[in-house]
Amino acid sequence: MQILTHLLPLKPTDELVLAWNRVEDKHPKEILTSDERREYDGFKSGTRKQEYLATRRLIWDMVEHLNLDPAQFLLQKDEFGNPSGLYQKNEYKISIAHTNRHVLCAISPEIELGVDMEPKSRKVPDRLRDRVLNSDEVELIKGEQTIRIWTIKEAMVKLQGQGMRTNLNDCTLLSARDSQFIATFNDDNRAKICSFVHENHWLAIAWNI
């Protein structure tokens with residue numbers, strides 16, 4: 001596990017942990033609950049099994065980093081498939097993103113958040129840019145890689161928490177400065193996004209302000 005929290009522009013009072021892990025075949029199945037083991041056994045793809053274990057191991061390690069007992073930390077999902085954690089009746093916000101080789105996760109006891117990541121070298125069609133941007137953003141982020149914009153918007157959609165019901169151009173980037181962006185949804189809720197490169201991947205994390 002690599003803790004990446006120090007790369008974020010957080011206030012001292014913000015309780016948030018960002019970390020990532022490699023998707024490998026050496027993560028122990030013993031960390032899975034009985035329900036998780038049944039879900040794991042139901043996957044036919046070996047790659048999907050590795051990804052599932054890597055995610056659970058990352059969350060396990062992050063919970064330990066928060067000085068909590070991982071055995072008492074219950075993972076759950078809402079109707080839209082958004083994950084969260086329950087620990088001694090306290091809810092923890094969770095957001096997860098995958099590539100074929102890594103898993104990224106953010107956990108907070110209080111901050112709503114969303115994360116996404118993609119390999120920096122991933123090729124995407126030019127028409128994707130037109131689909132995710134609206135007219136108010138074109139000049140603001142002219143020259144930015146489309147794959148970077150994609151991860152920023154995906155992190156925003158995950159923050160919104162309504163899955164495919166949210167279009168990528170329903171959120172509008174208002175300002176851009178190096179690794180930090182400010183954006184708004186159509187309902188005027190505002191968010192901060194931190195976007196940066198780590199080990200040749202674009203990483204983005206969004207949280208409400």
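The values are calculated or read from the model by the stated rules, or taken from the named source; none is laboratory data. All figures in this text were calculated on a predicted structure; none of them were measured in a lab. FYI the Cβ positions are ideal-geometry reconstructions off the backbone, even for glycines, and counts take in every protein chain you see.
What residue, of 67, 100, is more than 13 Å from residue 21 (Cβ to Cβ), in contact with a Ser or Thr (Cβ under 8 Å, 6 or more places away or on another chain), assigned to a loop (DSSP other than H, G, I, E, B) and not hydrophobic (A, V, I, L, M, F, W, C)? Answer to the check: 100.
For every residue, the table says whether it meets (1) more than 30 Å from residue 24 (Cβ to Cβ); (2) among the polar types (S, T, N, Q); (3) assigned by TED's automatic domain parsing to the domain that holds residue 177; (4) under 11 Å from the mean Cα position of the chain (by Cα).
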site	(1), (2), (3), (4)
96	no, no, no, yes
101	no, no, no, no
123	no, no, yes, no
127	yes, no, yes, no
134	yes, yes, yes, no
142	yes, no, yes, no
147	no, no, yes, no
150	no, no, yes, no
158	no, no, yes, yes
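Yes/no per residue for (1) over 15 Å from residue 116 (Cβ atoms); (2) modelled with pLDDT of 90 or more:
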| site | (1), (2) |
| --- | --- |
| 138 | yes, no |
| 146 | no, yes |
| 149 | no, yes |
| 154 | no, yes |
| 163 | no, no |
| 167 | yes, no |
| 171 | no, no |
| 181 | no, yes |
| 184 | yes, yes |
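State whether the residues of the stretch 136-159 include one that is acidic (Asp, Glu), closer than 30 Å to residue 1 by Cβ and not in a loop (DSSP other than H, G, I, E, B). Yes, some residue in the stretch 136-159 is acidic (Asp, Glu), closer than 30 Å to residue 1 by Cβ and not in a loop (DSSP other than H, G, I, E, B). Looking only at the stretch 81-107, residues that are buried (at least 20 other Cβ atoms within 10 Å of the Cβ) and among the small types (Gly, Ala, Ser) come to 4 in all.
Here residue 58 meets the list (1) assigned to a loop (DSSP other than H, G, I, E, B); (2) modelled with pLDDT of 95 or more almost entirely, failing just condition (1). Taking (1) of a type in the set (Lys, Arg); (2) part of a helix (DSSP H, G or I); (3) more than 28 Å from residue 148 (Cβ to Cβ) in turn, residue 48 satisfies each apart from (3). Consider only pairs whose beta carbons are under 7 Å apart and that are at least six residues apart or on different chains; among these, list those whose first residue lies in the stretch 173-190 and is outside the structural domain of residue 142 (by TED's automatic domain parsing) and whose second residue is surrounded by 14 or more Cβ atoms within 10 Å (Cβ to Cβ) and of a type in the set (A, V, I, L, M). That search, which allows pairs on different chains as well, returns nothing. Provide a single number: the residues in the stretch 89-99 that are at pLDDT below 95 and touching a strand residue (DSSP E or B) at 6+ places or on another chain (Cβ under 9 Å). Here the count works out to 2. The set of residues in the stretch 160-186 being part of a helix (DSSP H, G or I) and either under 23 Å from residue 10 (Cα atoms) or small (Gly, Ala, Ser) (or both) consists of 160, 163. Does the stretch 63-76 include one or more residues that are at positive phi and among the polar types (S, T, N, Q)? Among the residues of the stretch 63-76, at least one is at positive phi and among the polar types (S, T, N, Q), which makes the answer yes. Taking the criterion of being surrounded by 14 or more Cβ atoms within 10 Å (Cβ to Cβ) and charged (D, E, K, R), the residues of the stretch 111-130 that qualify are 112, 116, 118, 120, 122, 129.
A count restricted to the stretch 1-49 and to residues that are among the aliphatic types (A, V, I, L, M) and free of Cβ contacts under 8 Å to residues at least 40 places away in the same chain stands at 3.
Scanning the stretch 13-32 for residues that are surrounded by 13 or more Cβ atoms within 10 Å (Cβ to Cβ) and polar (S, T, N, Q) gives a single hit, 21.
Screening 45, 84 for residues that are more than 20 Å from residue 195 (Cβ to Cβ), of a type outside the set (A, V, I, L, M, F, W, C) and modelled with pLDDT of 95 or more leaves exactly one candidate, 84.
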